[in-house]
Amino acid sequence: MTFESFEVVPAVDMQDGEVVQLVQGERGTERRYGDPVEAAQRWVAAGADTLHLVDLDGAFDGERANADAVERILDATGVDVQVGGGIRSVADATELLERGVDRVILGTAAVETPGIVGEISAEYPGTVMVSLDAKDGEVV
């Protein structure tokens, strides 16, 4: 299989306002890497045209917790930004999209309330992506 082009989209995973890396997605295993804006700027300086921001607190707790870091990244970079983690309502998604986020990533909300995808897409076509994790053939 030959690929003529592809885009690498670096992720900036955030927890407690810092960039972190989890071991196999397990909370409590994080290594901390500092300020999310600095990490985002490094990726942009390295050539990233899009950033994937993950609010891990939001993903685990069901409520966006790193909105300030997302805002600061939007203000500091001029690239496309997609955000996931803790987006559980149309209002959450709308707030992000109206602020300038290019795409929202839904997981739990898309499984628990499938109609949310259509609701957001009707108002903001092409801005919703559903991301699901699976283990042993089951959505987890």
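Things to note:
- Segment Val139..Thr94, full-extension length gain: 13.6 nm, with 0.36 nm per residue of separation and the alpha-carbon distance subtracted.
- Taking chymotrypsin sites (Phe, Trp or Tyr not before Pro) in DSSP loop conformation with at most 11 other Cβ atoms inside 10 Å as exposed sites, the chain has its longest uninterrupted site-free stretch at 7-140.
- Amide H contacts under 5 Å for Leu106, placed H, 5+ residues apart: Met129, Val130, Ser131
- Shown in residue order for segment 108-115 are the 3J(HN,Hα) couplings computed by the Karplus curve 6.51 cos²θ - 1.76 cosθ + 1.60 at θ = phi - 60°: 3, 4, 5, 7, 6, 9, x, x Hz (x for Gly and Pro).
- Expressed in units of 2.2 N^0.38 Å, where N is the residue count, the Cα radius of gyration of the chain is 1.05.
- The apolar share of the surface of the chain, taken as the fraction of accessible area on carbon and sulfur atoms (1.4 Å probe, ligands and nucleic acids excluded), comes to 47 percent.
- Formal net charge of residues neighbouring Met129 (Cβ-Cβ distance under 13 Å; K, R +1; D, E -1): -1
- Neighbourhood net charge (11 Å Cβ-Cβ; Lys/Arg +1, Asp/Glu -1) for Glu63: -2
- Extension gain (nm, one decimal) between Phe6 and Glu18, 0.36 nm per residue minus Cα-Cα: 1.5 nm
- Antiparallel bridge percentage (DSSP; both residues within the chain; nearest 5): 30
- Choice from Gln24, Gln41, Gln82 with maximal GNM fluctuation in the chain (Cα, 10 Å cutoff): Gln24
- Estimated FRET transfer efficiency (Arg32, Thr113; beta-carbon r; R0 41 Å; 0.05): 0.80
- Accessible surface of Arg32 - all protein chains present, 1.4 Å probe, nearest 10 Å²: 100
- Average accessible surface area per residue within the chain, 1.4 Å rolling probe, Å²: 59
The values are calculated or read from the model by the stated rules, or taken from the named source; none is laboratory data. Just so we're clear, the structure is a prediction, and the values are computed from it rather than from any experiment. Note that each Cβ is placed from the backbone with ideal geometry, even for glycine, and that neighbours are counted across all protein chains shown. Each accessible area value is taken on the protein alone, full model and side chains, heavy atoms only, with ligands, DNA and RNA left out. Shrake-Rupley method; radii C 1.70, N 1.55, O 1.52, S 1.80 Å.
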